[in-house]
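Notes for the one structure printed next.
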Amino acid sequence: EISSNHQQVAILVSPEMGHLIPAVEFAKKLTIHTNLHVTLITQSTSSSLSMAEQSILDTLPEELNLVCLTAPSQLKNLPEGTLAINVIFLTIAYNLPLLRTILESLVCRNSRLALVVDLLGVEALDMATELGISSYLFYTSNCMSLSLSLHIPKLDAEFSGQYRDLPKPLELPGCLPLPGKDFPDPLPLRGTEGYAKCISLAKRYSEVKGIIVNSFDELEPGAVKALKENLGVPRIYPVGPVVQSGLAKAENGYECIKWLDEQPQGSVLYVSFGSGGTLTGAQIEELAWGLEMSGQRFLWVAKSPHEHEPSSALATAQSLKNNPAEFLPIEFMERTKGFGMVVSSWVPQMEVLSHASTAGFLTHCGWNSTLESIVNHVPLIAWPLYAEQKLNSVLLVEGLKIALGLVEDGDGLFRREEISRVIKCLMEGEERKKIREKMREVNEAATRAVGKSGSSSRSFMELVSEWMSY
Ligand code: UDP
């Protein structure tokens, strides 16, 4: 506990669960362990909060000042078919005047305030400077991804082609070599509006006073050290893993948890592609067959297929099939009834991962999902789809060796035989022992990092002392 009079921190959260969950957890940590007065400002692209969002926000302590901005009215006038990612950017832009009012009122109350923004929130930096507020970035992924984000404006200036044509993998200090094809989206699409937006955001990351990263020293010692030694980048605070905690159990319990209760210990593979990940119809079919052929128990969060976009957050609205029976192979549900469960909606993932029946996680490698798996000691199968997930997959499969990778066929599809092979490896093969052992090491390192005088706890305290000393 650090005591002082009430200095303030405001945390601005971009829309979508992937941003909301770590921001809420970080805000909780600040409220519970320090005397800072915390204001959390959430943004949404719809006019009301979803049940999942509400249940996350319900875990916030009362002392925290919560401001929820729902969809700005201007969104009503957007042309039909506007991409969801653009809706997010516009929401952030339209909310700026309101944000100014909020920040001004906070500054009045107490002269000193620090503002924390996330990856998409850097639009607010100019306003913060004008108001005399110091800004920090909360980078909700790992240090390898952060290193690339900080380096990309330079690479953009030096290399003019598409990154998949880079003559050799990019070697960032302290990081694993990263082939251009594995660069985060939308970097592989040079020349598009999305690419330009990404570069303009990345250029601003070095303007902040400090960068808080949801990773920890022992997970990425090389990358952390290199970032800390690089005088050209802001001060780095690895405070991770910051993951969901103290979740209220759903009142009636979830069907999937009841089902897990009935399965043998350490027998179930959990399959999920995060809050937005989607597969094509053909790929869903291969996955279904792969699961069935593996003969392993599974809990699959199966989302409606999408033929063009790997994330429903990137897709335009389409008619979603909510009933998996409509897009899974005929009689799949009947045939796998004894050993598989398919759900179509949100599941309480932390509960699933911490359940004694869960023994593996086939994941899209979203960073929150990855950290949650590490904290719960569940080894992975890496099936990256979009955003920085391919980079994460390189880190997990080649670097940390806590995930098994899948090999694509010539058409960029994971075939049922390959899927089944890798699932069996993770769940019952010789490989299982090795990967579980690696995961145990990483899990212990994570526990140490956030434990008393662990590296992340120290970084957190440094950051808090800096804010307290204003
Ligand atoms: N999540 C969940 N239930 C679901 C899907 C996702 O609780 O059915 C949570 C998951 O635990 C994680 C977050 O949503 O905290 C997803 O974040 P991640 O970075 O893994 O992926 P994203 O959804 O941002 O691609």
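Of the numbered criteria (1) surrounded by fewer than 19 Cβ atoms within 10 Å (Cβ to Cβ); (2) free of Cβ contacts under 8 Å to residues at least 24 places away in the same chain; (3) among the hydrophobic types (A, V, I, L, M, F, W, C), the one Phe414 fails is (2). Of all the residues in the range 358-380, those that are more than 6 Å from the ligand (Cβ to nearest atom), polar (S, T, N, Q) and within 10 Å of the chain's Cα centre (by Cα) number 1.
For beta carbons closer than 6 Å, sequence separation of 6+ or different chains, a first residue in the range 362-380 that is within 16 Å of Leu426 (Cβ to Cβ) and a second that is charged (D, E, K, R) and at pLDDT 95 or above, the qualifying pairs are Pro379/Arg436.
For every residue, the table says whether it meets (1) at pLDDT below 95; (2) within 19 Å of the chain's Cα centre (by Cα); (3) assigned to a helix (DSSP H, G or I); (4) over 15 Å from Thr363 (Cα atoms).
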| position | (1), (2), (3), (4) |
| --- | --- |
| Tyr386 | yes, yes, no, no |
| Leu396 | no, yes, yes, no |
| Leu404 | no, no, no, no |
| Glu408 | yes, no, no, yes |
| Phe414 | no, no, no, no |
| Glu418 | no, no, yes, yes |
| Lys424 | no, no, yes, yes |
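Report yes if some residue within the range 56-75 is small (Gly, Ala, Ser), more than 16 Å from the ligand (Cβ to nearest atom) and more than 25 Å from the chain's Cα centre (by Cα); otherwise report no. Yes, there is a match, as at least one residue in the range 56-75 is small (Gly, Ala, Ser), more than 16 Å from the ligand (Cβ to nearest atom) and more than 25 Å from the chain's Cα centre (by Cα). Quick check, is Met350 within 13 Å of the ligand (Cβ to nearest atom) and modelled with pLDDT of 85 or more? For Met350, the condition - within 13 Å of the ligand (Cβ to nearest atom) and modelled with pLDDT of 85 or more - is met.
Six or more apart or on different chains, Cβ under 9 Å: which pairs go from a residue in the range 169-188 that's under 19 Å from Trp367 (Cβ atoms) to one that's of a type in the set (D, E, K, R) and part of a loop (DSSP other than H, G, I, E, B)? Could you list them? If the second residue must be of a type in the set (D, E, K, R) and part of a loop (DSSP other than H, G, I, E, B), the pairs left are Gly174/Glu220; Cys175/Glu220; Leu178/Glu171; Phe183/Glu388; Pro184/Glu388; Asp185/Glu388. Taking the criterion of being more than 26 Å from Leu83 (Cβ to Cβ) and of a type in the set (A, V, I, L, M), the residues of the range 165-214 that qualify are Leu166, Leu170, Leu172, Leu176, Leu178, Val208, Ile211, Ile212, Val213.
Out of the residues in the range 276-306 that are touching a Leu at 6+ places or on another chain (Cβ under 9 Å), charged (D, E, K, R) and more than 17 Å from His364 (Cβ to Cβ), which is surrounded by the fewest Cβ atoms within 10 Å (Cβ to Cβ)? Full working, then the answer.
To start, the set of residues in the range 276-306 that are touching a Leu at 6+ places or on another chain (Cβ under 9 Å) comprises 276-280, 282-288, 291, 294, 296-300, 302-306.
Then keep just the ones that are charged (D, E, K, R); that gives 285-286, 297, 303.
Imposing the further condition that a residue be more than 17 Å from His364 (Cβ to Cβ) reduces the set to 285, 297.
Working: Glu285: 18, Arg297: 23.
Among those that are touching a Leu at 6+ places or on another chain (Cβ under 9 Å), charged (D, E, K, R) and more than 17 Å from His364 (Cβ to Cβ), it is Glu285.
For the range 1-43, the tally of residues that are more than 15 Å from the ligand (Cβ to nearest atom), in a loop (DSSP other than H, G, I, E, B) and either free of Cβ contacts under 8 Å to residues at least 60 places away in the same chain or under 17 Å from Tyr139 (Cβ atoms) (or both) stands at 3.
Against the condition closer than 20 Å to Cys256 by Cα and away from the ligand (no atom under 16 Å from the Cβ), how does Leu287 come out, does it pass? I'd like the intermediate steps shown before the answer.
On the way: closer than 20 Å to Cys256 by Cα: yes; away from the ligand (no atom under 16 Å from the Cβ): yes.
When the stated conditions are applied, Leu287 passes them.
Name every residue in the range 137-162 that is touching a strand residue (DSSP E or B) at 6+ places or on another chain (Cβ under 9 Å) and assigned to a helix (DSSP H, G or I), in order of residue number.
Cys143, Met144, Ser145, Leu146, Leu148, Ser149, Leu150, His151, Leu155
Leu463 fulfils the conditions (1) out of contact with any strand residue (DSSP E or B) (no Cβ under 6 Å at 6 or more places or on another chain); (2) closer than 21 Å to Ile236 by Cα; (3) crowded, with 21+ Cβ neighbours inside 10 Å except for a single criterion, (1).
So for the range 387-399 (the condition being farther than 29 Å from Leu189 by Cα, touching a residue at least 24 places away in the same chain (Cβ under 8 Å) and within 16 Å of the ligand (Cβ to nearest atom)), does at least one residue qualify? Show your work before the answer.
At the first step, the residues of the range 387-399 found to be farther than 29 Å from Leu189 by Cα are none.
The answer is no; no qualifying residue exists.
The values are calculated or read from the model by the stated rules, or taken from the named source; none is laboratory data. Quantities reported herein were computed from a predicted structural model and do not represent experimental measurements. Quick reminder, even Gly has a Cβ in these numbers, built from the backbone with ideal geometry, and neighbours come from all protein chains shown.
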